[in-house]
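Reading through the structure tokens given below for one structure.
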Amino acid sequence: MADLSIDFVGIKSPNPFWLASAPPTDKAYNVERAFEAGWGGVVWKTLGEDPAAVNVSSRYSAIYDSYGEVSGFNNIELITDRSLEVNLREIEAVKKSWPDRALVVSLMVPCEEQAWKTIVKEVEKTGADGLELNFGCPHGMPERGMGAAVGQVPEYVEQVARWCKMYCKMPVIVKLTPNITDIRFPARAAKRGGADAVSLINTINSITGIDLDNMVARPIVDGKSTHGGYCGPAVKPIALSMTSEIARDPETMGLPISGIGGISNWRDAAEFISLGAGCVQVCTAAMIYGFRIVEEMKTGLANWMDSKGFETIEDFRGLAVPNTTDWKYLNMNYKVVASIDEDKCIGCGRCYIGCEDTSHQAIDLKPQADGTNKFEIIEEECVGCNLCQITCPVDDCITMERRDVGQPYMNWTQDPRNPHREVTEESTHEA
């Protein structure tokens, strides 16, 4: 059986599944239930200075898929609305009761050295395993000069990280905001400031929808609304992309990463780990389905690892990073074309409609004598875009098959069709 235990920047836990800083980790009752269910760690909901934040009602909204499942989740909740003293007392008690679980404390205070010095020293007394600096909250707190207002300024990220490393001995994780043009800049700043790791992504600025009867966005607070933080399965592609950017950036390569964003099952977790994450954090899935989902996550990941011959998380962590590159280094001479398995085809025509109306007119529709339709690929017109495969409702009915064009690897920096090509030693390698 695969060993799921991890050591993330000196923080040990029995598995890589941690609950993210959010409502599920706001108090001892929740955290202990999570540990009983099998979670390897938690990041305690963000603490701040007293007096505690005051929240509004209501706080959540959602986007649903065609099956009625939540695909995107929006919240306008702030950091903890309980006193610092109560939180610190509970953190200390929980860590004593569960010494084998990771307990990281999320923090957010004004961008002042004394404020950070005071709170990190208080947290250190609890025996917690580490800190997560919340530089990502996109609503409410930025209006007070905190959260994303710090995370969007690399100089602030570096400065606060340095303060925290100066005044405590715990590992410091910097939580990054996705509401920025280039995620690499704050990640580099965190590393310069001495941070032990980064976690990402925090939530994305969003309005999930409008109540057209009352002309107000959701969630509704006495007839008004505001933008909130978007999370859930819909944000996973963005989170994976940003994770890969940090993992392969020469300036941050090797910087430990805690992956966050739409992780709902073991496969999602494996994808983040393959891009370099040393642990993963979950929020929305736990809020929708409850803490027991971690059992399926652990079992599924372990079974998959066994099937692949991976004994530990480290055996496959980062394996997808070398295969992620810039567009300009992709092979221009690689060619695939679509192939339709007639035995599996149900004749729905979705591939034909998509290709005929919006793509390359590479599928021929042939009416049959019995009133059905047959679809054939026009290979000389097919560019291998995958649209037909994506729209097909039948698994493996349409596959993409490689064609040998008789040409060696050539990327865009080498392509004669590129008027700005620069053939250099770097551009001739298969990136």
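What follows is calculated from the coordinates using simple rules that are stated; it is not laboratory data. Keep in mind that this is a model prediction, so the values were computed, not measured. Don't worry about glycine lacking a Cβ; one is built from the backbone with ideal geometry, like all the others, and counts go over all protein chains shown.
Determine Rg/Rh for the stretch 332-431; Rg is computed over alpha-carbon atoms and Rh is the Kirkwood hydrodynamic estimate from the same atoms. Numbers along the way, then the final one.
Values: Rg = 17.4 Å, Rh = 15.5 Å.
Rg/Rh for the stretch 332-431 comes to 1.12.
What's the ranking of 377-389, 272-284 by average number of surrounding C-beta atoms within 10 Å, highest first?
So the order, starting with the most tightly packed, is 272-284, 377-389.
Roughly speaking, what is the stretch gain from Asn418 to Val216, that is 0.36 nm per residue apart minus the C-alpha to C-alpha distance, in nm to one decimal? Provide the component values of the computation, followed by the final result.
Details: separation 202, 0.36 × 202 = 72.72 nm, distance 4.91 nm.
Answer, rounded to one decimal: 67.8 nm.
Between the helical axis of 154-167 and the dominant principal axis of the chain, each derived from Cα atoms, what acute angle in degrees is found, rounded to the nearest 10?
Its long axis makes an angle of about 40 degrees.
With +1 on each Lys and Arg Cβ and -1 on each Asp and Glu Cβ, how big is the dipole of the chain about its Cα centre, in debye rounded to the nearest 20?
On the way: 41 positive and 61 negative charges, 285 e Å.
That gives the chain a dipole magnitude of about 1360 debye.
Hey, can you rank 349-362, 151-164 by average C-beta count inside 10 Å, highest first? Could you put the intermediate results ahead of the total?
Details: 349-362: 16.9, 151-164: 21.6.
Ranked from most to least packed, the peptides come out as 151-164, 349-362.
Once the Cα atoms of helix 84-97 and of the chain are each reduced to a long axis, what angle between those two axes, in degrees from 0 to 90 to the nearest 10, is obtained?
With both axes taken from Cα atoms, the answer is about 70 degrees.
Over 19 Å between Cα atoms, which of Lys95/Lys165; Lys96/Lys125; Lys12/Lys169 qualify? Let's see the in-between values first.
Values: Lys95/Lys165 22 Å; Lys96/Lys125 12 Å; Lys12/Lys169 16 Å.
In this structure, Lys95/Lys165 exceed 19 Å between Cα atoms.
Straight-line reach from Lys374: which lysines have Cα under 24 Å away, leaving out those fewer than 8 places along the same chain?
Here the lysines satisfying the reach criterion relative to Lys374 are Lys344, Lys366.
List the residues, sorted by chain then number, that are 5 or more residues from Asn179 or on another chain and whose placed amide H is less than 5 Å from its amide H.
none
With springs connecting C-alpha atoms under 10 Å apart, model the chain as a Gaussian network and identify which of His227, His420, His139 has the largest mean-square fluctuation.
Looking only at His227, His420, His139, the biggest GNM fluctuation is shown by His420.
Round to the nearest 10 and give me the degree value, 0 to 90, for the angle of helix 113-124's Cα axis relative to the longest principal axis of the chain.
90
Consider just the alpha-carbon atoms of the chain and return their Rg together with their Dmax, both in angstrom.
For the chain, the Cα-based Rg and Dmax read 24.6, 82 Å.
Once you have the Cα-Cα distance between Asp100 and Ser339, take 0.36 nm times their residue separation minus that, and quote the gain in nm to one decimal.
Values: separation 239, 0.36 × 239 = 86.04 nm, distance 5.21 nm.
Contour length minus Cα-Cα distance gives 80.8 nm.
Rg to Rh ratio, the stretch 57-114, alpha-carbon atoms and Kirkwood radius? Don't jump to the answer; show the numbers that get you there.
Numbers: Rg = 17.2 Å, Rh = 15.1 Å.
Rg/Rh for the stretch 57-114 comes to 1.14.
Students often forget the sequence filter, so: which lysines lie under 25 Å Cα-Cα from Lys328 once same-chain residues fewer than 8 apart are removed?
Cross-link targets: Lys236.
At a 10 Å Cβ-Cβ cut-off, how would you order Arg144, Arg184, fewest neighbours first? Don't skip to the answer; put the middle values down first.
Working: Arg144 13, Arg184 19.
Neighbour counts put them in this order, fewest first: Arg144, Arg184.
Farthest toward the dipole's positive end in the chain, which of Thr325, Ala62, Ser199, given Cβ charges of +1 (Lys, Arg) and -1 (Asp, Glu) about the Cα centre?
Among Thr325, Ala62, Ser199, the one farthest towards the positive end of the dipole of the chain is Ser199.
Only Cα pairs under 8 Å and at least 6 apart count here; give the relative contact order of the stretch 6-323 as a rounded whole percent.
Working: 712 pairs, mean separation 56.6, N = 318.
Reported relative contact order: 18 percent.
Express the relative contact order of the stretch 268-336 as a whole percentage, based on alpha carbon pairs under 8 Å and six or more residues apart in sequence.
Values: 35 pairs, mean separation 33.2, N = 69.
The value is 48 percent.
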